[in-house]
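To start, the structure under review is shown below, and the notes come after it.
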Amino acid sequence: MDMPSYVLLSQEQALQRRLEVAANNMANMNTSGFKAEQPVFHEYVAQAGDTAAAQTPTTSFVLDYGAIHDLGPGAFDPTGNPLDVMIEGPGYLAVSLPAGGTAYTRAGSLKLSPTGELTAANGGLLQGEGGSPITIPPEQMGQVSIASDGTVSTPQGPVGRIAVTTFGAEGSVTPRGDGLFDGKNGTELPAAETRLTAGGIEGSNVQPIAETTKMVEILRAYQSSVAIASSLNDMRQHAIDQLGKAS
């Protein structure tokens, strides 16, 4: 395979990656707390030949570097459920995993387990301050309220406070599926900096029209790449035919 073909191949791999990300965004346009992704690519420059560097031809390839999240907020979706919360600003709810460890989520559809623990949408225990669970006494399960600073109360008084964790480097937060993220070196916000709105959840921040436009652009770019590849093949075939006639 010659150099132009390698360049086209790297472009088509990048287009495939862009399409996968756009399709995933579209599939999660109705997922609570979902943040749209954007692929990130780097340029790899290869030099050929052994002449002086200033005279050496260079070829640029596309390398898949990863993806970043659009941290813009989703719209507030009122549900009327006092246990549902939306995080105002950056941060994630901390969730204990069944196998141990902690994951994070923006999906604020909270529930109560049969034994009174506050849980996330996936069923994992929601962490309060210091990583401790928040438990509601059985006789007070139907009388729970959540304040803007995350304090969970019943008519008998506070029973805990929901922890909101932020990360200095958002690139350290990676999706693990089921609306959860892995994160490292998070910082738990104090009550004075925690902002929650109860009675609703955060919708996805995916913009369907923008994602559809991206998919059309990807299709057109792929069609152009195929046309260039076809032209290169025609040029090779023509060169082979001319060589055959000359021999």
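The values are calculated or read from the model by the stated rules, or taken from the named source; none is laboratory data. All of these numbers come straight from a predicted model, not from anything done at the bench. Here the Cβ is made from the backbone with ideal geometry for all residues, glycine too, and neighbour counts use every protein chain on show.
Residue check: is residue 107 assigned to a loop (DSSP other than H, G, I, E, B) and either within 22 Å of residue 200 (Cβ to Cβ) or at pLDDT 80 or above (or both)?
Working: assigned to a loop (DSSP other than H, G, I, E, B): yes; either within 22 Å of residue 200 (Cβ to Cβ) or at pLDDT 80 or above (or both): yes.
Yes: the conditions hold for residue 107.
Condition test on residue 213, is it closer than 14 Å to residue 87 by Cβ, among the hydroxyl-bearing types (Ser, Thr, Tyr) and over 18 Å from the mean Cα position of the chain (by Cα)?
No: the conditions fail for residue 213.
Being surrounded by 10 or more Cβ atoms within 10 Å (Cβ to Cβ) and in a helix (DSSP H, G or I) is the requirement here; does residue 209 meet it? Walk me through it before giving the result.
Working: surrounded by 10 or more Cβ atoms within 10 Å (Cβ to Cβ): no; in a helix (DSSP H, G or I): yes.
Spelling it out, it is not the case that residue 209 is surrounded by 10 or more Cβ atoms within 10 Å (Cβ to Cβ) and in a helix (DSSP H, G or I).
Among the residues of segment 135-181, how many are free of Cβ contacts under 8 Å to residues at least 24 places away in the same chain, surrounded by 13 or more Cβ atoms within 10 Å (Cβ to Cβ), more than 16 Å from the chain's Cα centre (by Cα) and not in a loop (DSSP other than H, G, I, E, B)?
3
Take segment 105-116 and flag every residue that is more than 22 Å from the chain's Cα centre (by Cα) and crowded, with 16+ Cβ neighbours inside 10 Å.
To start, the set of residues in segment 105-116 that are more than 22 Å from the chain's Cα centre (by Cα) comprises 111-116.
112, 116, listed by residue number.
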